[in-house]
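Here's the structure, in structure tokens; my notes come after.
The values are calculated or read from the model by the stated rules, or taken from the named source; none is laboratory data. Because the structure is predicted, anything quoted here is derived from the model rather than measured. Cβ coordinates were reconstructed from backbone atoms using ideal geometry, including for glycine residues, and neighbour counts include every protein chain displayed. Ligands, DNA and RNA are stripped out before the accessible areas are found, and what is left, the full protein with its side chains, is counted by its heavy atoms. Shrake-Rupley method; radii C 1.70, N 1.55, O 1.52, S 1.80 Å.
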Amino acid sequence: MATPKFKPGQSGNPNGRPKNKTPATLLRQSIVSDMPEIISTLVKLAKSGDVPAAKILIDRVCPALKPQALPINLPINGSLAEQGNEIIKATMSGQVPPDIGSQLIAALANQGKLVELQELTERLQHIEKQLENRS
């Protein structure tokens with residue numbers, strides 16, 4: 001059997017990990033010290049027509065726009081299936097963007113599941129009362 005290198009409970013590196021010497025720390029320090037030159041180079045490249053360099057700069061300076069939800073006017077009367085048909089018609093005609101139409105259909109499907117669960121709960125409670133009355 002091999003003899004252990006270190007005694008149990010005793011550190012093999014009593015001085016600990018060296019401070020500011022890890023590869024990640026050294027890389028960060030190098031980037032920080034070279035940042036002005038990096039940015040200057042990116043700007044020069046972007047000005048000369050380098051599209052990827054321009055994209056990097058724009059992505060950092062101007063964050064992507066978040067989609068804005070617009071109000072949608074659809075009839076809310078009728079069954080869930082009828083409401084779903086209205087959403088599909090509005091999406092197909094261009095009144096509602098496809099992604100919003102899809103979200104609305106998913107919301108209706110979830111609502112349908114909730115209604116079904118509520119109806120099953122009520123039916124089960126009714127059956128339980130009937131069984132209690134028979135006893």
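What to note about this one:
- Extension gain from residue 32 to residue 68, taking 0.36 nm per residue of separation minus the Cα-Cα distance: 9.3 nm
- Degrees between helix 23-47 axis and first principal axis of the chain (Cα, 0 to 90, nearest 10): 80 degrees
- Three-way shape call for the range 30-87 based on the alpha-carbon gyration tensor, with the a/c threshold at 1.5: prolate
- Using the Cβ-Cβ distance between residue 24 and residue 116 with R0 set to 41 Å, the FRET efficiency works out to roughly 0.20.
- Among (1) 32.4, 89; (2) 14.2, 39; (3) 26.6, 80, the entry derived from the coordinates for Rg and Dmax of the Cα atoms in Å: (1)
- With all protein chains kept in place, the per residue accessible area of the chain amounts to 91 square angstrom at a probe of 1.4 angstrom.
- The range 28-97: relative contact order in percent, alpha carbon pairs under 8 Å with at least 6 residues between: 14 percent
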